[in-house]
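Each value in this text was obtained by applying a stated rule to the coordinates, not by laboratory testing. Because the structure is predicted, anything quoted here is derived from the model rather than measured. Virtual Cβ from ideal backbone geometry, glycine too; neighbours counted across all protein chains shown.
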């Protein structure tokens, strides 16, 4: 399923920046805003490209997990096991928060799936709470590990 460009900018990029921040916190990598934003933009752009291809929905998640592992292991020089764990746990947190918040907010605001997919401002607003949760998790984990 193709992502509208505005959704990429206002939801996809912040979501992937949050995922990278969470992976950094899990892997005990010092927060470097430049690197976190850079890798978040790389992952979001990759998701945008992958989701525009005629492949099964969900494949993009597997590819992004692999890319995050590669980023942590090769570029951030983190141990293989920690890179795998941080990548998997970060995306697991995303999947869980998205699975909880999006249907709950759709129910509360009485928004159908069709409206969610066709109305870009509503789509962005409904999906932002789980992105905020990912950032909060990253900062909580980072501060607990200090």
Name the residues in region 85-116 that are buried (at least 16 other Cβ atoms within 10 Å of the Cβ) and within 16 Å of residue 25 (Cβ to Cβ), would you? 85, 86, 87, 89, 90, 91, 93, 94, 97
Of the residues that make up region 102-122, is at least one in contact with a helix residue (DSSP H, G or I) (Cβ under 8 Å, 6 or more places away or on another chain), more than 20 Å from residue 4 (Cβ to Cβ) and in a helix (DSSP H, G or I)? no
Examine region 74-97 for a residue that is closer than 24 Å to residue 145 by Cα, in a loop (DSSP other than H, G, I, E, B) and either under 11 Å from the mean Cα position of the chain (by Cα) or in contact (Cβ under 8 Å) with a residue 12 or more places away in the chain (or both), and state whether such a residue exists. yes
Among the residues of region 41-64, is any surrounded by fewer than 18 Cβ atoms within 10 Å (Cβ to Cβ), over 28 Å from residue 122 (Cβ atoms) and touching a residue at least 12 places away in the same chain (Cβ under 8 Å)? no
Criterion first (buried (at least 24 other Cβ atoms within 10 Å of the Cβ), in a helix (DSSP H, G or I), at negative phi and in contact (Cβ under 8 Å) with a residue 24 or more places away in the chain) does residue 13 satisfy it? no
Kindly check whether there is at least one residue in region 42-51 that is on the phi > 0 side of the Ramachandran plot and out of contact with any strand residue (DSSP E or B) (no Cβ under 9 Å at 6 or more places or on another chain). no
When region 131-146 is examined, which residues are found to be without any contact (Cβ under 8 Å) to a residue 60 or more places away in the chain and touching a helix residue (DSSP H, G or I) at 6+ places or on another chain (Cβ under 6 Å)? 133
